[in-house]
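The structure appears right after this line, and notes come after that.
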Amino acid sequence: MKELICIVCPKGCHLKVDETNDYSVTGNSCPKGAEYGHKELVNPTRTITTTVQLLNSKERRVSVKTSCDVAKDKIFEIMQIINQVQAKAPLHRGDVLIKHICQSDADLIVTKDVD
């Protein structure tokens, strides 16, 4: 039995996930908590938020994120790629810097406008 705190909403439900009973979840107050508990033990994922270097702007860095969750065990590999990115202004929120980063379903997207 694994114990988790749900991070899907501000309630922070204390979940118990029974690994021996098809990952059944208890302690959740909504269906999202049950989905989170199951997913966290079967295939944990995260959204990556960070910054990349900006070359031709008064700002030195621009904020970016993955367009969807990526497998938790791929985060370090993806960050190695992101740390090499050098973007050029102008950029707009939603611009894609890297499509399908590390052969995942996620794109690396800009999260703010930069002149």
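The values are calculated or read from the model by the stated rules, or taken from the named source; none is laboratory data. Keep in mind the model is a prediction, meaning the values are calculated, not measured. Every residue, glycine among them, receives a Cβ derived from its backbone with ideal geometry; neighbour counts consider all protein chains shown. In case anyone asks, the SASA skips ligands and DNA or RNA and just uses the protein heavy atoms, side chains included. Shrake-Rupley method; radii C 1.70, N 1.55, O 1.52, S 1.80 Å.
The Cα trace of the chain gives Rg and Dmax of 17.8, 56 Å, the first to one decimal, the second as a whole number. If only the Cβ of Lys and Arg carry +1 and only the Cβ of Asp and Glu carry -1, the dipole of the chain around its Cα centre is close to 480 debye. The phi torsions of the range 49-60, fed into the Karplus equation with coefficients 6.51, -1.76 and 1.60 and a -60° offset, translate into couplings of 10, 6, 10, 10, 5, 10, 8, 10, 8, 5, 7, 8 Hz, rounded to whole numbers, with Gly and Pro shown as x. Mind checking the range 19-115 for GluC sites (Glu not before Pro) that DSSP puts in a loop (not H, G, I, E or B) and that have at most 15 other Cβ atoms within 10 Å? Within the range 19-115, the qualifying GluC sites (Glu not before Pro) (loop, at most 15 other Cβ atoms within 10 Å) are 19, 59.
Ranking 45, 20, 66 from most to least accessible surface, computed with a 1.4 Å probe over the protein chains only, gives 20, 45, 66. Over the chain, accessible surface divided per residue gives 66 Å², non-protein components excluded, 1.4 Å probe.
Which one, 36, 15, 81, projects farthest toward the positive side of the charge dipole computed for the chain from Cβ point charges (K/R +1, D/E -1)? With unit charges placed on the Cβ atoms, the residue in question is 81.
With each label modelled as a point 7 angstrom along the Cα→C-beta vector, the residue 55-residue 14 pair spans 5.3 nm. Taking every DSSP helix (H) stretch of at least 4 residues in the chain, weighting each as -39,500 (n - 2.57) and dividing the sum by the residue count yields a mean residue ellipticity at 222 nm of -5000 deg cm²/dmol. Take the Cα of residue 100, go 7 Å toward its beta carbon, and none of the backbone nitrogen atoms of the range 20-57 fall under 19 Å from that spot. Shape call for the range 8-50 from the C-alpha gyration tensor, a ≥ b ≥ c root eigenvalues: rounded (a/c under 1.5), prolate (a/b greater than b/c) or oblate? Oblate shape, in that a/c is at least 1.5 and b/c is the bigger or equal ratio. Within the accessible area of the range 46-115, the carbon and sulfur atoms contribute 47%, probe 1.4 Å, all protein chains present.
Give me the angle, in degrees from 0 to 90, between the Cα long axis of helix 31-42 and the longest principal axis of the Cα atoms of the chain, rounded to the nearest 10. Around 80 degrees separate the two axes.
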